[in-house]
Structure formats: structure tokens, C-alpha cells
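What follows is a short report on a single structure.
What follows is calculated from the coordinates using simple rules that are stated; it is not laboratory data. Keep in mind it's a predicted model, so treat the numbers as computed, not measured. Because the Cβ atoms are built from the backbone with ideal geometry, glycine has one as well, and the counts that use them run over all protein chains shown.
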Amino acid sequence: MKVLQLIDSLRLGGAEKMSVSYANALAERIEGSYLCSTRLEGFLKEELENNVDYLFLNKKSSLDKNAILKLKDFIKNHNIDLVQAHGSSYFIACLVKMIWPNFKLVWHVHNGASEKMEFFELKALKFLSRFFDGIITVNISLSNWAKENLNCENVIDLPNFVLNDFSNSVGDLILKGEVDAFKIICVANLRPEKDYTNLIAAFKEFSKNKNVSLHIIGNDLDSTYTKRILEELKNSEMTKKMFYYGSKRNVNLILKQADLGVISSRSEGLPVALLEYGLAGLCVVSTDVGQCKNVIKNNGLIVTKEDHIALSKAFNAYYANSELAKSDASKFHNDIIENYSPGAVVSRIIAFYNTIIITN
């Protein structure tokens, strides 16, 4: 079996991270594992294993003829059986399938906001979904949405996973601020659904008269929202406590310097950052979105979304009780190792591939 992971960018992001993780995890288990970035390269390219073949399309527009033909030729020449298109990359995959239908196409939807698509965007997706041979989602809610709204009945929900890292290194980046501060870290691109407004308000409330700091890692998407958040960080009276780093390599190593990992989103599927927090041994606080509550169980704190007071109180619960923080972090770490490592998930995805290839 030969499988191509398709993604629009290799910059820091959950879907982007998972495309690389799938390519790497499958490389030892199937005949051929491939990855193609359609539009942008980035740090995550460096994480690809040597036995994963790589293609970059350098796509300039949605209907870039050269990119479409280049992808078609790659699929044809490598006899690829199945393309797993992550996020918005399904669009070019469908265009290729229109002219070269000799492969199976699986759409992997990661984002909980997909359930709230604009009418015309959903209409276009519904039309193109007739080219899907299967759909992978990260939770039951997204699975039900896909079954109800799209023209593909072969839907499976699979959790994201993280590759184990037993290194004691902390990487090249040293977190800023007071060395002995209680450090909260958030790994998420600067998008509205990540609700940095809520996070910043919660941190300001929590940080009064405390030796604490907030560290934000994620892409600057050069949007109106991004500019507003960066301006707020720059002009805040708390510039010595709140720090933005942009997109960084080896995030898993940076996490080990922090004390608490936070998800402050108003919408999610299953954030890879949450799994990475657990793998790094952090206690976690998350808003009640997507699959977060089911992942955390009783091993962390869940609060209502868009409630900065509740988020602030959750931060304080761990700040004020180091034993609770240590205990929950240890339990969460062990649960992530047991339930969100590649083994079980990859065996299920291969079985799903086989069902599609054999029966469709």
C-alpha cells in the first residue's frame, strides 16, 4: 500500500503537525509513505523521516494548472493508492481526481469550526465530497456533522496522536521573564477561534501580585485579528510578563520549561497542542470545546469557553497547589502515553485504508 499525506502548509499548526506524524508513523508499516505540501513549506519539513518521499507544489492559486498536473503526475508515477488530504487541501485533491481518478481520496477534517462553515463554503464542500472515498474526523460530533452534510457515508473518528519524545533537552529557545516564575504556555496560531482575547484577559486577572508569566507560540497570520492581539501584547502594562515568540522549531522541547499548558479556544476538534502538553509533563487547563474534555478526563481542569474569570481561577488552582499540579500532570502524561501514541491509532487507520481500497 502506498499513501500520500496532502497538506497546504508545513508551518506550525495542528493539521500540519498531524500530516507529518501520519507520514512518519506509516513509513515503517506500509510499502510507501509520501507527503506533499501544496502551498507553503516550513519548520515541520525538518521533522520528516528520511524514508518519507516529499513533494512541494508551490501552488500560486486555487486553480494553479501546473500544481494540479504536478500532483497528478506524482500520484500516477509513484502508483499511489490513497491520498489523505488534511484540511483545505481536499480542494486540489478533488481537482486531480477529476482528471486522474485512479486513486482513493480520504478527507481528514481536524477543525471543529468546520461545523460552522458559511453557506457557500459548505455548498462547495458538499459538491466536492462526492469525490471522497472516506472521511476521518477527530470526534463524534464532527463525524455526525460529516454524515449529515456531505456526500460520503464512509466516516470514521480517530484521535490525533503524538510521537513519544524521551529527550531531556530543552532546545535552543529559553523562555523569557523571571526564571522562577510560574510559566503558562499556549501553543496555537493567532486565529480568532483560539480566543487569545479571553486568554490575555484571564492572565491579567490571575497574575495580580504573582510571579507568573505567559508564553505564546504560534504563527503570525498577518490578519486584522493577529494585529490586534500583537498590539495588545505590545502595549500592555504587563509586557514583562507576557511574551510572544512566533512560530518555533522543537516546540516539544520548549514545553518542558513551562509549568502549565492552556487551550483557551472557543472552537476545536482535538488540538495536537493538548496532547503535546501531556507528553511534556505539564498540568493542563482547557475550555470545554471539541474533544478536550474527553482527552483530559479527570487529569486536568475544564472551564466554560469565553469566560476569562473561570479560566483565571483554574490557573490559580494549580498555582496555589503545587501537589495537585504535579499529580494531575503525572496522570495526564501517563494517559497520553497509553492512549495517544501512534500504535493503536495507526493500526486502525491502516484497517480503514484497506477497507476503502478493497471494497470501493
Could you tell me which of N252, T224, M238 has its Cα farthest along the dipole of the stretch 217-257 towards the positive end, charges placed at Cβ (Lys, Arg +1; Asp, Glu -1), taken about the Cα centre? N252
When the dipole is taken about the Cα centre of the stretch 182-339, and only Lys, Arg (+1) and Asp, Glu (-1) are charged at their Cβ, what size is it in debye, to the nearest 20? 380
For the stretch 209-225, Karplus couplings with θ = phi - 60° (6.51, -1.76, 1.60), whole Hz, Gly/Pro x: 6, 10, 8, 9, 8, 10, 10, 10, 10, x, 5, 7, 8, 6, 10, 4, 5
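How about the stretch 121-224: which GluC sites (Glu not before Pro) there lie in a loop by DSSP and see at most 14 other Cβ atoms within 10 Å?
On the way: sites: E121, E148, E153, E178, E193, E205; in loops: E153, E178.
Hits after loop and neighbour filter: E153, E178.
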Compute the long axis of helix 196-206 from its Cα atoms, compare it with the longest principal axis of the Cα atoms of the chain, and write down the angle in degrees, 0 to 90, nearest 10. 20
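Treating only the Cβ atoms of Lys and Arg (+1) and Asp and Glu (-1) as charged, compute the dipole magnitude of the chain about its Cα centre; round to the nearest 20 debye.
Numbers: 42 positive and 41 negative charges, 120 e Å.
With Lys and Arg at +1 and Asp and Glu at -1, about 580 debye.
For the chain, what's the relative contact order in percent, using C-alpha pairs closer than 8 Å and at least 6 residues apart? Don't skip to the answer; put the middle values down first.
Numbers: 673 pairs, mean separation 54.8, N = 360.
The value is 15 percent.
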Fewest to most Cβ atoms within 10 Å: R228, R39 sort as R228, R39
Within the stretch 227-274, GluC sites (Glu not before Pro) in DSSP loop having at most 13 other beta-carbon neighbours inside 10 Å: E237
Of the listed pairs K176/K234; K60/K123; K2/K59; K248/K331; K76/K97, which have alpha-carbon separations greater than 20 Å here? K60/K123; K2/K59; K248/K331
Given the Cα-Cα distance of N354 and N51 and 0.36 nm per residue of separation, how much length would full extension add, in nm? 106.9 nm
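Mind sorting L274, L260, L48 by how few other Cβ atoms lie within 10 Å of their own Cβ, fewest first?
Details: L274 30, L260 24, L48 19.
Fewest-to-most ranking of L274, L260, L48: L48, L260, L274.
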Along the positive direction of the dipole of the stretch 182-339 (beta-carbon charges: Lys, Arg +1; Asp, Glu -1; about the Cα centre), which of I337, F203, S213 reaches farthest? S213
Which of the GluC sites (Glu not before Pro) found in the stretch 17-93 are in a DSSP loop and have at most 14 neighbouring Cβ atoms, other than their own, within 10 Å? E28, E31, E41, E49
What's the FRET efficiency of A124 with N298 using the Cβ-Cβ distance as r and R₀ = 41 Å, to the nearest 0.05? 0.50
Please report M238, M98 as a ranked list, fewest other C-beta atoms within 10 angstrom at the top and most at the bottom. M98, M238
